[in-house]
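Student: Here it is, the structure in full.
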Amino acid sequence: MSGSGQIAYTETLTAPAKVNLSLRVHGRRSDGFHELTSLVVAIDLCDMLRLAPGSPGEIRLECDPPGLPVGDENLVVRAARLLAGRLGAEGGAQIRLEKAIPVAAGLGGGSSDAAAALKGLRRLWRADVSDAALAEMGAEIGSDVPLFFHLPAAVIRGRGERVERVALGWSGWVGLVFSGEVVSTPAVYAALACSPGVRVAEDGGVQAIARCTTAEAIGPHLVNDLERGVFRVCPAMERLLGRVQDAGGRPARISGAGSVVYSLFDEAREATAWVETMRTRQLGTGATAVRAPVPQA
Ligand code: C5P
């Protein structure tokens, strides 16, 4: 049994997953990162983060289910240490992370957890730090962290550090098929084999999608330039995407650098029927449907 039963957590935060509705890669920068434009939307698949005061200077993390790293490899711990360092805080914290978002799935789970940790620790330590300052710290932890300060839908540019909130005309359901594959993000970017240099950044289809009010209208605009890299690193993902599209009879895409395939729906009953089809055909390791967009906690 975990020791969490004895800890009186004083802060509880939800950390939502995201999917990339569009992701265009404009080339490889001199710092090795890739220049992007991406439209992301937060979905109602959420990790939970609980925080309690801890011994001075000590950051303690417990994960449920266990098995994830709880040291500096975990973005939550990195976020806590970074904020403590910036504040010169002696506070310490005990953190419990309840995972629902699969790891390395292209759903931004680790980044969202880090963003939630920054927001929660600001409250726990009564720190006077703006969202903008936290988002900037988040960018030091990972390219996808700042976007979680601009939900429910945002366009990200640069390597992910330039973020703007976007009003989406659509709301509905996102169906997810989990592949069970572990796809490495750096390997996916490397597999794109972009020559150095950045092309003039385009709009990346962002406005076209933002204006749409139905899943059917968005469908043809869904795009992910990382898919080419994902397929090279993990050919099984290309097969899975094809099968999901055929069985579902509608456009499907991979989110981010994999390993989840998603489709959009306006109505809960359509999403439920799609999930049933995916399960019956035993595509991937599981399927579910969740609401989108989900507002910022
Ligand atoms: O920033 P983050 O740690 O999430 O990035 C993981 C890796 O993904 C980077 O080390 C880099 O190889 C790649 N990446 C990239 N361009 C981006 C974001 C990530 O090349 N815009």
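Student: With respect to the numbered conditions (1) surrounded by 21 or more Cβ atoms within 10 Å (Cβ to Cβ); (2) within 10 Å of the ligand (Cβ to nearest atom), which one is the sole condition not fulfilled by Ala139?
Tutor: For Ala139, the exception is condition (1).
Student: Can you pull out the residues in segment 109-126 that are in a helix (DSSP H, G or I) and hydrophobic (A, V, I, L, M, F, W, C)?
Tutor: We begin by selecting, within segment 109-126, every residue in a helix (DSSP H, G or I); these are 109-124.
Answer for segment 109-126, where residues must be in a helix (DSSP H, G or I) and hydrophobic (A, V, I, L, M, F, W, C): Ala114, Ala115, Ala116, Ala117, Leu118, Leu121, Leu124.
Student: Further, regarding this structure: Checking the structure you have, find out if any residue of segment 28-38 is at positive phi and under 16 Å from the mean Cα position of the chain (by Cα). I'd like the intermediate steps shown before the answer.
Tutor: Let us first name the residues in segment 28-38 that are at positive phi, namely 32.
Now restrict to residues that are under 16 Å from the mean Cα position of the chain (by Cα): none.
No, that holds for no residue.
Student: Val198: closer than 28 Å to Asp31 by Cβ, touching a residue at least 60 places away in the same chain (Cβ under 8 Å) and not charged (D, E, K, R), yes or no?
Tutor: Numbers: closer than 28 Å to Asp31 by Cβ: yes; touching a residue at least 60 places away in the same chain (Cβ under 8 Å): yes; not charged (D, E, K, R): yes.
In short, yes.
Student: Between a residue in segment 156-169 that is in a loop (DSSP other than H, G, I, E, B) and any residue that is aromatic (Phe, Trp, Tyr), which pairs come within a Cβ distance under 7 Å, given they are 6 or more apart or on different chains?
Tutor: Arg159/Phe33
Student: Restricted to segment 30-51, and to residues that are within 24 Å of Gly205 (Cβ to Cβ), near the ligand (Cβ under 8 Å from one of its atoms) and not acidic (Asp, Glu), which residue is surrounded by the most Cβ atoms within 10 Å (Cβ to Cβ)?
Tutor: Of everything passing the filter in segment 30-51, Leu36 is surrounded by the most Cβ atoms within 10 Å (Cβ to Cβ).
Student: Within segment 198-224, work out how many residues are open to solvent by 40 Å² or more (accessible area, probe 1.4 Å) and within 16 Å of the ligand (Cβ to nearest atom).
Tutor: Summing the residues that are open to solvent by 40 Å² or more (accessible area, probe 1.4 Å) and within 16 Å of the ligand (Cβ to nearest atom) in segment 198-224 gives 4.
The values are calculated or read from the model by the stated rules, or taken from the named source; none is laboratory data. All figures in this text were calculated on a predicted structure; none of them were measured in a lab. Every residue, glycine as well, gets a Cβ built from its backbone with ideal geometry; the counts of neighbours run over all protein chains shown. Just so you know, the surface numbers come from the protein's heavy atoms only, side chains and all, with ligands and any DNA or RNA stripped out. Shrake-Rupley method; radii C 1.70, N 1.55, O 1.52, S 1.80 Å.
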